[in-house]
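These notes concern the structure reproduced below.
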Amino acid sequence: MSYSNIIQSFIKDLNGQNIMNCISCREFYACNTMARAIVRLPKLRQLENIKIRNESFSLTGEASSFVNDALRRRFCSDYDLAHTMSVPASVTITRRAGYSMQTKITTDPIEAAAHIMRGDIVAFPTETVYGLGANVFDAAAVAKIFKAKRRPADNPLIAHVASREQIDLLAAEITESAENFINAFFPGPLTVVVRKVEAVPLIATAGLDTIGIRMPAFKVASEFLSACGVPVVAPSANLSGRPSPTTWEAVLEDLNGRIDCILKGEPTEIGLESAVVDCSSEIPVLLRAGSVSLEQLREVVPGTRGISTGFGDVARSPGLLHKHYSPRAGVVLLGGDEISDQISEQTAFIGLSKVPDGFALVKQCDSVEQYAHSLFEFFRECDRAGIAVIYCEKVQETGLGAALMDRLRRAAE
Ligand code: TXA
Ligand code: MG
């Protein structure tokens with residue numbers, strides 16, 4: 001492995017928070033760990049497996065502050081690292097060209113829509129989470145979404161529509177189950193997957209011949225989508241792997257300087273992403289749980305299947321393969337009776353139970369709805385505060401509780 005490969009793999013690890021997960025400590029600690037590892041490069045070069053946990057020497061001076069600064073600002077992969085091998089090491093970090101754009105913030109849906117028509121990418125609020133949108137028929141604009149989010153190219157996007165007519169611009173066939181779900185739940189927090197028309201570029205669907213379609217119910221979203229005049233593909237407006245944004249400030253935190261415009265609106269109502277149901281074959285399959293529950297879907301189409309972890313189903317929803325919803329802090333799920341053992345100044349709690357004092361941050365929710373609504377923003381708040389571990393109380397897996405437990409489990413992975 002070359003020096004630059006080692007550096008690249010550290011950067012990758014830090015972006016994926018593997019280092020922090022593996023040593024379960026705070027970001028600051030991880031920064032120092034990486035800085036130490038850089039100083040030890042001549043030695044590390046000899047190793048096949050890099051085990052930085054066992055490194056135990058200190059770093060002073062320039063290298064420490066450069067590395068810490070860069071990592072703290074979480075810009076790792078937008079920077080190039082150069083270094084010398086002397087000790088103390090000198091580390092120079094230079095920003096790569098590409099992301100110097102001004103992100104326009106507006107409350108006017110018409111102004112935001114004008115950006116879409118120009119081929120720009122725009123974040124906008126919906127009732128579930130904020131999305132990052134582009135004109136579905138403009139492959140170059142869609143490519144910008146993947147780049148800005150650092151989204152893997154094999155993860156398909158959902159197309160958002162303002163009207164029934166726009167569904168017909170996207171779908172090659174509306175199966176009977178799709179028709180029934182559309183009639184029952186649109187507009188609302190449900191995505192229906194159907195076969196796509198040729199005009200939808202493959203980049204939008206990650207090469208699949210199907211497309212996920214959703215009609216948001218949020219007023220600002222439908223004003224924006226109507227003004228766009230075309231369906232708008234949009235994943236959640238976060239950097240890949242991070243918790244989905246439920247406020248415009250969270251979008252700014254992840255994507256400032258990387259996207260053209262943010263349509264600033266209220267915090268989202270539901271706080272978890274839409275349910276995704278695949279209707280492209282005879283028996284519909286729920287691929288992602290959401291606030292429209294499996295029970296509700298079965299009231300409309302009784303044979304609807306829940307997702308299994310079998311390969312067939314996972315392959316149908318590539319997004320399930322990727323890491324999701326993760327704060328930098330560790331996430332641990334607990335039953336109500338296990339909570340009081342975990343109190344410390346570096347831990348936080350979110351859940352339904354009333355907890356004793358002593359956690360650094362606490363969000364005690366009155367209902368599962370409020371828990372879902374608050375979860376992703378609480379994760380972000382914990383990261384800003386440098387919390388090491390977030391304890392999340394488990395809930396019953398019925399209705400919205402099933403979607404909430406799905407997100408909690410993924411965050412804890
Ligand atoms: O609530 C939501 O759904 C939000 C807002 C912005 O609408 N969007 C969102 O998008 O959460 P994203 O990209 O973060 O998640 C899309 C999910 C992924 O799990 C993806 O695999 C699945 O939908 N999906 C999209 N198109 C699909 C398709 N053609 N077949 C199977 N799964 C699909
Ligand atoms: Mg997402």
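The values are calculated or read from the model by the stated rules, or taken from the named source; none is laboratory data. What you see is a predicted model; the values in this text were computed from it and never measured. Here the Cβ is made from the backbone with ideal geometry for all residues, glycine too, and neighbour counts use every protein chain on show. Heads up: the accessible areas ignore ligands, DNA and RNA and are worked out on the full protein's heavy atoms, side chains in. Shrake-Rupley method; radii C 1.70, N 1.55, O 1.52, S 1.80 Å.
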Provide 294, 287 ordered by accessible surface of protein heavy atoms (probe 1.4 Å), highest first.
-> 294, 287
Just read off the accessible area of residue 338 with the full protein assembly in place, 1.4 Å probe, to the nearest 10 Å².
-> 80 Å²
Hey, quick one: spin label on residue 299, modelled 7 Å out along Cα-Cβ, who in region 172-187 has an amide N within reach, i.e. under 19 Å?
-> 177-187
Calculate, for residue 341 and residue 117, the FRET efficiency according to 1/(1 + (r/R0)^6) with r their C-beta to C-beta distance and R0 41 Å; round to the nearest 0.05.
-> 0.15
With all protein chains present, calculate the accessible area of residue 214 using a 1.4 Å probe and round the result to the nearest 10 Å².
-> 10 Å²
Using Cα centres only, tell me the gap between region 111-160 and region 368-401 in whole Å.
-> 26 Å
Accessible area per residue, 1.4 Å probe, Å², for region 153-283: what's the number?
-> 34 Å²
Go ahead and run the numbers for FRET between residue 219 and residue 102, Cβ-Cβ distance against an R0 of 25 Å, rounding to 0.05.
-> 0.35
In whole Hz, what ³J(HN,Hα) sequence does region 178-189 give by Karplus (6.51, -1.76, 1.60; θ = phi - 60°), x for Gly and Pro?
-> 4, 4, 5, 5, 4, 5, 7, 10, 8, x, x, x
Exposure rank, largest accessible area first [108, 341; 1.4 Å] = 341, 108
Counting only protein heavy atoms and leaving out ligands, DNA and RNA, the solvent-accessible surface of residue 283 at a 1.4 Å probe, in Å² to the nearest 10, equals 90 Å²
Could you grab the relative contact order for region 321-399? Cα pairs under 8 Å, six or more apart, rounded to a whole percent.
-> 43 percent
Report the full-extension gain for the segment residue 385 to residue 370: residue separation times 0.36 nm, less the Cα-Cα distance, to one decimal in nm.
-> 3.2 nm
